[in-house]
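Worksheet: the structure to be examined is printed underneath.
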Amino acid sequence: MNRKPALGQVSDFDIRLLRLFRTVAECGGFSAAEGVLGISRSAISLQMGDLEKRLGIRLCQRGRAGFALTDEGREVLRANQTLLAALEDFRSEVNLLHRQLRGELNIGIINNLVTLPKMRITQALRALAKQGPDVRINIGMMTPNDIETGLMDGQLHAGVVPLIQPLSGLDYLPLYDERSQLYCSREHPLFSRPDDALTEADLASADAVAPGYRLPPQAQALQQRLKPIATASDREGIAFLILTGRYIGYLPEHFAASWVTQGLMRPLLPAACHYDAPLALAVRKGRRANLVLEKFLQELSNIYD
């Protein structure tokens, strides 16, 4: 039986439970956390109950009404994040003493980048994994806002974001430009119309899907020429709506390539209806020394040399 630690003391077991609590909170419930933690919902429930007993606090409500953190649970989560970030800082400083790559690298990435032909992030991660087999790499697919927040509060070490509105508290390493074009699906009335028979008026009158994320100025100008009657929070959502055959919308060229190859999508007026969005790797300014992160940045920079 695990004994409750003395007041002011935190055991290794407590830290494991606190990590589990953070994952459950980030996933929004026990069921969603099963795949991330690799254990059953009942095991998660037992460990959460154990943590609540050890803390003497009810952390969350669960049941038919769904999962929700209590007020105390939200406070514990904030303290938990501070504790785990401090532990990672400690581990990084010990790494510097040993000059060995150990610990974690937490990266936030916007979705649908894996199909980019320039696999610089993948190459740098491959090199890092080869030199530091004990390094644990954690990747989260996130919105640009969530990535920036994670970097500023120390939950993330690095993040890949569109370089549209740089924050003063972050440093940016440019990666590549991502070209997006306007697409329709095979079921859309414009699909069979050749480009020389299409006009911008045709596009302006078609139902379109608008992105729910930040765009560079050129993209905003192009988007304003369309008639958005639907929105999507990310590029995958835009693809879903385009494939219904009702909407047109902008997608990254590399992301749409497989559907174009299969004849399920086509670009519309590609010479005029396209824009380039710069992507960059962001890290926090004034960050504490972290051998794992610095090695990853070095590998990423070497790819450009």
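So which residues in the stretch 54-71 are touching a residue at least 12 places away in the same chain (Cβ under 8 Å), open to solvent by 60 Å² or more (accessible area, probe 1.4 Å) and more than 24 Å from residue 86 (Cα to Cα)?
58, 62 - these are the residues of the stretch 54-71 that are touching a residue at least 12 places away in the same chain (Cβ under 8 Å), open to solvent by 60 Å² or more (accessible area, probe 1.4 Å) and more than 24 Å from residue 86 (Cα to Cα).
Could you list, in sequence order, the residues of the stretch 203-222 that are open to solvent by 30 Å² or more (accessible area, probe 1.4 Å) and over 24 Å from residue 258 (Cα atoms)?
The answer is 204, 205, 214, 217, 218, 220, 221.
In the stretch 148-160, is there at least one residue being open to solvent by 50 Å² or more (accessible area, probe 1.4 Å), touching a residue at least 60 places away in the same chain (Cβ under 8 Å) and among the hydroxyl-bearing types (Ser, Thr, Tyr)?
no
So which of 39, 57 is touching a helix residue (DSSP H, G or I) at 6+ places or on another chain (Cβ under 7 Å) and at pLDDT 85 or above?
Only one candidate qualifies: 57.
Cβ-Cβ under 8 Å, sequence separation 6+ or interchain: first residue in the stretch 21-38 and closer than 14 Å to residue 73 by Cβ, partner surrounded by fewer than 17 Cβ atoms within 10 Å (Cβ to Cβ) and of a type in the set (Gly, Ala, Ser). Which pairs?
29/66; 30/45
Looking only at residues that are closer than 14 Å to residue 275 by Cα and not in a helix (DSSP H, G or I) in the stretch 223-256, which one is most open to solvent (accessible area, probe 1.4 Å)?
Ranking the candidates gives 224 first.
Provide a single number: the residues in the stretch 103-122 that are more than 18 Å from residue 283 (Cβ to Cβ), out of contact with any Ser or Thr (no Cβ under 9 Å at 6 or more places or on another chain) and modelled with pLDDT of 80 or more.
Adding up the residues that qualify gives 1.
Hey, among the residues in the stretch 273-304 that are part of a loop (DSSP other than H, G, I, E, B) and at pLDDT 85 or above, which one's nearest to residue 85 (Cα to Cα)?
285
Output the number of the condition that residue 104 fails; it satisfies all remaining conditions of (1) under 25 Å from residue 277 (Cβ atoms); (2) among the charged types (D, E, K, R); (3) buried (at least 17 other Cβ atoms within 10 Å of the Cβ).
Only one criterion is unmet by residue 104, namely (1).
Residue-by-condition table, conditions (1) over 17 Å from the mean Cα position of the chain (by Cα); (2) in contact (Cβ under 8 Å) with a residue 60 or more places away in the chain; (3) closer than 18 Å to residue 109 by Cα:
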position	(1), (2), (3)
165	yes, no, yes
174	yes, yes, yes
179	yes, yes, yes
199	yes, no, no
204	yes, no, no
220	yes, no, no
223	yes, no, no
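Taking only the stretch 1-31 into account, find how many residues are open to solvent by less than 60 Å² (accessible area, probe 1.4 Å) and either modelled with pLDDT under 85 or among the hydrophobic types (A, V, I, L, M, F, W, C) (or both).
Within the stretch 1-31, residues that are open to solvent by less than 60 Å² (accessible area, probe 1.4 Å) and either modelled with pLDDT under 85 or among the hydrophobic types (A, V, I, L, M, F, W, C) (or both) number 14.
Okay, residues lined up against (1) at positive phi; (2) modelled with pLDDT of 95 or more; (3) of a type outside the set (A, V, I, L, M):
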{"residue": "160", "(1), (2), (3)": "no, no, no"}
{"residue": "166", "(1), (2), (3)": "no, no, yes"}
{"residue": "186", "(1), (2), (3)": "no, yes, yes"}
{"residue": "196", "(1), (2), (3)": "no, no, yes"}
{"residue": "200", "(1), (2), (3)": "no, no, yes"}
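The values are calculated or read from the model by the stated rules, or taken from the named source; none is laboratory data. All values derive from a computational prediction rather than experimental measurement. When we count neighbours, we look across all protein chains shown, and the Cβ atoms used for this are built from the backbone with ideal geometry, even at glycine. With ligands, DNA and RNA removed, areas are computed over all heavy atoms of the protein, side chains included. Shrake-Rupley method; radii C 1.70, N 1.55, O 1.52, S 1.80 Å.
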